[in-house]
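Below is one structure, written out as structure tokens; comments come after it.
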Amino acid sequence: MTIAIVDDELETRQYMQGLVAQYLAETGRMAQLVFYPDGASFLVGCEHPDIVLMDIDMPGMDGLSTAEQLRRSHPDAILIFTTRLSQCAIRGYEVDAIGFLVKPVTLPGLTVKLNKAFKRVEYRQSKICLKTKDSILFLEKNEIYYAEGSNHHVIYHTAQGEFPVRSSLQEAEEQLGAEFSRSSHSYIVNLGFVTMVGKNDVTVHGEAIPLSRAMRREFLNAVNRYYGVR
């Protein structure tokens, strides 16, 4: 989880850093904080922003113009504007900002907006979007037992059935996240459904899935990390 703070004033960036750090400490949430003094450096330097606290009134490229460009490369980034100009709020909704904080920002006001932002990120991370031949499916990750690569497709074996999607297994691996791990060249399994690891296979929801010799060590490491085994 990455929270970017974009503001041309050093004092404001430091002040916002303190507020966000206090919010994280009080809520028990975790995030990496990154800081940028202008829109241009943010667009170039921040590769995967989850939540963005963006000042509107910046010299050069202002916050609204920066947000318009951000939407082209990161349409899912969650935007919260900070501003001394409350009349700018209406324009902000054109770039899908979830809210505004009028400076000087207060912790209670920030808490309301960050709670909303975190809930949206957490909800998004719990689901996966699958584009099948006839429809678009949104599945809970914890309903997916394993994914199988076959003939330029990935077959998702889930609690709701099997869903073939035209994709690569590498793309599926990136989308599924750390709760999943490859057991072989053709399979990615949900570690939460692993009940036994054998010499050449792994049991996932009652099914024996191939476990390759080359990937066995890393797979066991992933299982140990998942269950907190040292």
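The values are calculated or read from the model by the stated rules, or taken from the named source; none is laboratory data. Note that the structure is predicted; figures quoted are calculated from it, not measured. All Cβ positions, glycine included, derive from the backbone under ideal geometry; neighbour counts span all protein chains shown.
Regarding the range 146-166, can at least one residue be identified that is within 18 Å of residue 4 (Cα to Cα) and surrounded by fewer than 20 Cβ atoms within 10 Å (Cβ to Cβ)?
Going residue by residue through the range 146-166, those that are within 18 Å of residue 4 (Cα to Cα) are none.
No, the range 146-166 contains no residue that is within 18 Å of residue 4 (Cα to Cα) and surrounded by fewer than 20 Cβ atoms within 10 Å (Cβ to Cβ).
Each row is one residue, and each column tells you yes or no for (1) closer than 28 Å to residue 123 by Cβ; (2) in contact (Cβ under 8 Å) with a residue 12 or more places away in the chain; (3) touching an Asp or Glu at 6+ places or on another chain (Cβ under 8 Å).
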residue: 12; (1), (2), (3): no, yes, yes
residue: 32; (1), (2), (3): yes, yes, no
residue: 71; (1), (2), (3): yes, yes, yes
residue: 84; (1), (2), (3): no, yes, yes
residue: 98; (1), (2), (3): yes, yes, no
- Quick check: is even one residue across the range 208-226 among the β-branched types (Val, Ile, Thr), modelled with pLDDT of 90 or more and either out of contact with any strand residue (DSSP E or B) (no Cβ under 6 Å at 6 or more places or on another chain) or assigned to a strand (DSSP E or B) (or both)? yes
- For the range 154-176, state whether one or more residues are acidic (Asp, Glu) and touching a residue at least 40 places away in the same chain (Cβ under 8 Å). no
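Out of the residues in the range 5-42 that are outside any strand (DSSP E or B) and of a type in the set (S, T, N, Q), state the one that is surrounded by the most Cβ atoms within 10 Å (Cβ to Cβ). Step through it out loud before you land on a result.
Filtering the range 5-42 down to residues outside any strand (DSSP E or B) leaves 7-31, 37-42.
Among the residues that remain, those that are also of a type in the set (S, T, N, Q) are: 12, 14, 17, 22, 27, 41.
Details: 12: 16, 14: 12, 17: 14, 22: 13, 27: 12, 41: 13.
Ranking the qualifying residues of the range 5-42, first place goes to 12.
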- Message: Considering only the range 121-130, I want to know if a residue exists there that is touching a residue at least 60 places away in the same chain (Cβ under 8 Å) and of a type in the set (D, E, K, R).
- Response: no
- Given (1) at pLDDT 95 or above; (2) closer than 21 Å to residue 114 by Cβ, number of the condition residue 40 does not satisfy: (2)
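Of the residues 168, 181, which is within 25 Å of the chain's Cα centre (by Cα), in the same structural domain as residue 141 (by TED's automatic domain parsing) and closer than 19 Å to residue 125 by Cα? Reasoning before the result, please.
On the way: 168 fails: closer than 19 Å to residue 125 by Cα.
None of the others qualify; the one that does is 181.
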- Residue match in the range 59-75 (condition: over 20 Å from residue 98 (Cβ atoms) and either acidic (Asp, Glu) or loosely packed, with under 13 Cβ neighbours inside 10 Å (or both)): yes
- Task: Name the helices (runs of 4 or more DSSP H) wholly inside the range 43-159 in which the number of residues that are farther than 26 Å from residue 174 by Cα and within 18 Å of the chain's Cα centre (by Cα) is 1 or more.
- Result: 107-125
